[in-house]
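J.: Below is a structure I'd like to ask you about.
Rule-based calculations on the coordinates, nothing more; no lab input. Everything quoted here is computed from the prediction, not taken from an experiment. Here the Cβ positions follow ideal geometry from the backbone for every residue, glycine too, while neighbour counts run over all protein chains shown.
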Amino acid sequence: MRAASPSLRVHSTRLCLSRAGYIGSVENLGRIAMTENETEKRTHFGARDVREDEKAGLVHDVFTNVASKYDVMNDVMSVGVHRLWKEAMMDWLAPRSGQRLLDVAGGTGDISFRFLKRAKGSQAVVLDLTESMLTEGRKRAEASEMSAQLNWVTGDAMALPFADNSFDVYTISFGIRNVTRIPDALSEAYRVLRPGGRLMVLEFSQLPVDGLQRLYDLYSFNVIPRMGQLIARDRDSYQYLVESIRKFPDQAKFADMIEAAGFGQVKFRNLSMGIAALHSGWKI
Ligand SMILES: C[S@@+](CC[C@H](N)C(=O)[O-])C[C@H]1O[C@@H](n2cnc3c(N)ncnc32)[C@H](O)[C@@H]1O
């Protein structure tokens, strides 16, 4: 009995550590076991290991810093390709007149504007953690005379300030990888969608061929932070953006997470060979 007890503790500690993304040496396991509860509450912020309760503040700082340059930088970094990905999202989503959209981590409103253009008479709520991103979006809405169909709400994807079953469509585009606890955001998406409602996620993903992934990493880790420095005078925020992409689960793992939140008919499509991917699920 005595001999079995430490090895059981070691095993459960390992399990918990690997879920949190840590690798502990065998020598450290005794010490780590004492802080098991603490390590469960840790997460990543790009390549950095941070406390869970710190992450939203750090993410908020990044997007506050980049807000005024966000749209320009998106075009420059992706050579305009993000526009094609967003159109591909709309093609698959096929917005219908009269639908009510919740666009979470909606930032400056790219997804909502596209949705409203395709579905006359629809309404959209753009929710985001960062007020300055929404401010940029509101300016764009006024310029394109779409303000009447839009609401802008500051909030967290993990605790949505909306009633159950209140939206037809939930979108999140390049937002979910920044969320501290992704399963909580997916559960919230499920809760606020009406039965028959649809979730669609656009996010950076993994290239299926190692050589291509290495080439893409070379580009993103070397070029994007430098562009951030040059155009937005902010290397660190763009360093975080590329690091956070590497931390996000691959297409199949993310599909499993969506299913685990309760969604049915979960499917994904690669965009640009897997640099990004679309995931779709239904609240059945
Ligand atoms: C890369 S931008 C994407 C903006 C827009 N959806 C697009 O596709 O261009 C990521 C956005 O996610 C927001 N965000 C990050 N974590 C969030 C959270 N937990 N809840 C809501 N928004 C969040 C950020 O403030 C930022 O505006």
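J.: Check cross-link reach from K69 to the lysines: straight Cα distance under 28 Å, and skip same-chain residues fewer than eight apart.
T.: Counting by Cα, and skipping residues close in sequence, K69 has these lysines nearby: K55, K86, K117, K139, K247.
J.: If you don't mind, there's one more thing I want to ask. Restrict the search to segment 175-270; then list the chymotrypsin sites (Phe, Trp or Tyr not before Pro) that DSSP places in a loop and that have at most 11 other Cβ atoms within 10 Å of their Cβ.
T.: none
J.: Right, something else. With +1 assigned to the C-beta of every Lys and Arg and -1 to the C-beta of every Asp and Glu, and no other charges, what is the dipole magnitude of segment 144-205 about the Cα centre in debye, to the nearest 20?
T.: Dipole magnitude for segment 144-205 comes out near 140 debye.
J.: Can you pull out the trypsin sites (Lys or Arg not before Pro) in segment 224-284 that DSSP calls coil and that have at most 10 other Cβ atoms within 10 Å?
T.: Those satisfying the criteria are R233.
J.: For segment 55-185, rounded, prolate or oblate, judged on the Cα gyration tensor with a ≥ b ≥ c (square roots of eigenvalues), a/c < 1.5 rounded, else prolate if a/b > b/c?
T.: rounded
J.: Once label points are set 7 Å from the Cα along Cα→Cβ at both E142 and D61, what is their separation, rounded to one decimal in nm?
T.: 3.0
J.: If you don't mind, there's one more thing I want to ask. Take R83 and A163, extend 7 Å from each Cα along the Cα→Cβ direction, and tell me the distance between the two endpoints in nm.
T.: Computed distance between label sites R83 and A163 equals 4.0 nm.
J.: Something else about it: Only bridges whose two residues both fall in segment 62-195 count here: according to DSSP, what percent of them are antiparallel, nearest 5?
T.: 5
J.: Still on this structure, please answer the following. Expressed as a fraction of 2.2 N^0.38 Å, the rule-of-thumb size for a compact globular protein of N residues, what is the C-alpha radius of gyration of segment 150-216?
T.: 1.37
J.: Which of the trypsin sites (Lys or Arg not before Pro) found in segment 104-166 are in a DSSP loop and have at most 14 neighbouring Cβ atoms, other than their own, within 10 Å?
T.: Taking segment 104-166 and a limit of 14 other Cβ atoms within 10 Å, the loop trypsin sites (Lys or Arg not before Pro) found are K120.
J.: Nothing charged except the Cβ atoms of Lys and Arg (+1) and of Asp and Glu (-1): what's the magnitude of the dipole of segment 129-254 about its Cα centre? Round to the nearest 20 debye.
T.: About 220 debye.
J.: Turning to a different aspect of this structure: I'd like to know which of F115, F221, V266 lies farthest towards the positive end of the charge dipole of the chain, counting +1 on Cβ of Lys and Arg and -1 on Cβ of Asp and Glu.
T.: My answer, from the dipole projection, is V266.
J.: Taking the Cβ of D210 as the center, what net charge do the other residues with Cβ under 15 Å away carry, scoring Lys and Arg +1 and Asp and Glu -1?
T.: Net charge in that neighbourhood comes out at 0.
J.: Right, something else. Taking the simple approach of a point 7 Å from Cα along Cα-to-Cβ for both I284 and L215, what is their distance in nm?
T.: Once both label points are built, they end up 3.8 nm from each other.
J.: To continue, here is another question. Rounded to the nearest 20 debye, what is the charge dipole size of the chain about its Cα centre when +1 sits on each Lys and Arg Cβ and -1 on each Asp and Glu Cβ?
T.: In debye, rounded to 20, the chain gives about 460.
J.: Separate question: Could you tell me the extents of the chain's C-alpha atoms along the three principal axes, largest first, rounded to whole Å?
T.: 71, 46, 35
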